[in-house]
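The values are calculated or read from the model by the stated rules, or taken from the named source; none is laboratory data. Treat the numbers as computed from the prediction; the structure is a model and nothing was measured. Every residue, glycine as well, gets a Cβ built from its backbone with ideal geometry; the counts of neighbours run over all protein chains shown. Accessible surface is based on the protein model in full, side chains and every heavy atom, while ligands, DNA and RNA are left aside. Shrake-Rupley method; radii C 1.70, N 1.55, O 1.52, S 1.80 Å.
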Amino acid sequence: MAEIKIIGTAHVSQESVNEVRTAIEEYHPDVVAIELDPARYSALKKQARDPSVNDVLEVKNFNSLLVQWLLAYLQRKIGFDVGVEPGAEMKAAIAEAEQRNIPIALVDRDIRVTLMRFWNTLGIIEKLKMIWALIISIAEIDGGEEIDIESLKEQNVIDVVMEEFRKFSPNGARALIDERDAYIAHQLVLLKAQRPEGKILAVIGAGHRKGISVYLDDPKTLPPFDSLTKEPKPFPWAKVFGFGVTFLFAFLLAAIAFSGVGLDVLLYAFLFWVIIHGVLSALFVLLAGGHPYSALTCFCVAWMTSLNPMLHAGWIGAYVEARVRKPPISDFRKIYETESLSEMARIPLFKVVLVAALGNLGSLLGTVLYFIFVFPVLGIDPGVVITTGIGNMWAWVTGLF
């Protein structure tokens, strides 16, 4: 039977780089399996084509892209602090294998599938907690807090970190850790079948070593491979919320119209919707460093897009931002090479994505505040207006028949 040796590494550890080189030299593997997918392998080898701003605008995954960039920045910042480039141990494994003419196997899941499954399976509370934790972590690292990278490879420390992550975000842990453990184990089992008498050296992040080993000890426990690669289809809560807002707004205007409080109150209710959405969406675009044209665009369209679950003000603002700023293709690589958040915030492509995310956030906040403050702003009793309006609407409808 094929023999598999697993090395658990830290992605910003010089000791892991040395350990990988030593293992290849002493173990003489027939295959070196590395925790990369083709896209990240090409990026690591600087062979990947950078996506254009049109590619980013077409996909519209602005929130998850921001999280991906911030995670990459956090890992890169840690690497700067310890003097090791992120992914250096993978580069070392590739270089050693190529130098010795040893085949390389890419055994990790496509990063796009992982990020899609990760983001789509998170609930709104988990997403907010994840973003907040990411911001705090970046602030601590930028503030000079030191991290003992080598201690993170110790199994007891890993167990504690993983347990905390599962408590913090069970859905995130399942997508980022458990599913990838199973995917990588599937790939290693396949390599064993293809090379029944070979020696396989697997260079894997330390956090995955335990889970993969459990699956390799009993491959029958592996989940079906297809379940790890298909696109998740979560319940469309965002669309349900959007249609709910549209219905609620229309119902509110109808109740005011039928309540008899006057046409001017109905007009003010509509104008308040337009103004609060437009002002907040435009303000958040300006906070993102967006161009005044982008902010003006969001001001003009936010009241309409907030009533259409298939469209968002931030998306339109991002399109305008991209046409005004004209980010070059090189911006995508620059984002992954910045050494500070302030430097990243000056990159036009980053501004485009941030405008989309914050423009949408401003519009969403406008919806929430509208239903909280509309009646105090109008100076009317909501109970009286709604009950009277419903009663009059019912009388009108029944009168038609």
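Taking helices (runs of 4 or more DSSP H) as the structural unit, those lying wholly within the stretch 20-135 and holding at least 2 residues that are open to solvent by less than 30 Å² (accessible area, probe 1.4 Å) and at pLDDT 80 or above correspond to 53-59, 62-82, 88-99, 111-121. Screening I276 with (1) among the aliphatic types (A, V, I, L, M); (2) farther than 26 Å from T297 by Cβ; (3) in a helix (DSSP H, G or I) gives one miss only, at (2). Applying a threshold of 7 Å to beta carbon distances and a minimum spacing of six or more residues, or different chains, the list of pairs starting in the stretch 92-117 at a residue that is of a type in the set (S, T, N, Q) and ending at one that is crowded, with 20+ Cβ neighbours inside 10 Å and part of a helix (DSSP H, G or I) reads T114/A175; T114/R180. Within the stretch 214-236, is even one residue open to solvent by 60 Å² or more (accessible area, probe 1.4 Å), closer than 23 Å to W119 by Cβ, of a type outside the set (K, R) and assigned to a helix (DSSP H, G or I)? Scanning the stretch 214-236, I find at least one residue that is open to solvent by 60 Å² or more (accessible area, probe 1.4 Å), closer than 23 Å to W119 by Cβ, of a type outside the set (K, R) and assigned to a helix (DSSP H, G or I), so the answer is yes. Scanning the stretch 239-258 for residues that are within 16 Å of H277 (Cα to Cα) and either modelled with pLDDT under 90 or surrounded by 15 or more Cβ atoms within 10 Å (Cβ to Cβ) (or both) turns up G242, V245, F249.
Every residue, every condition in (1) under 23 Å from L248 (Cβ atoms); (2) in contact with a Pro (Cβ under 8 Å, 6 or more places away or on another chain); (3) in a helix (DSSP H, G or I), yes or no:
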| site | (1), (2), (3) |
| --- | --- |
| V285 | no, no, yes |
| S294 | no, no, yes |
| P309 | yes, no, no |
| G314 | yes, no, yes |
| E339 | no, no, no |
| V374 | yes, no, yes |
| N392 | yes, no, yes |
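Quick grid of which residues meet (1) at pLDDT below 90; (2) touching a Leu at 6+ places or on another chain (Cβ under 7 Å); (3) under 21 Å from N61 (Cβ atoms); (4) buried (at least 17 other Cβ atoms within 10 Å of the Cβ):
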site	(1), (2), (3), (4)
A295	no, yes, no, yes
R333	yes, no, yes, no
T338	yes, no, yes, yes
N360	no, no, yes, yes
L364	no, no, yes, yes
V368	no, no, no, no
V374	no, no, no, yes
G379	yes, no, no, no
V385	yes, no, no, yes
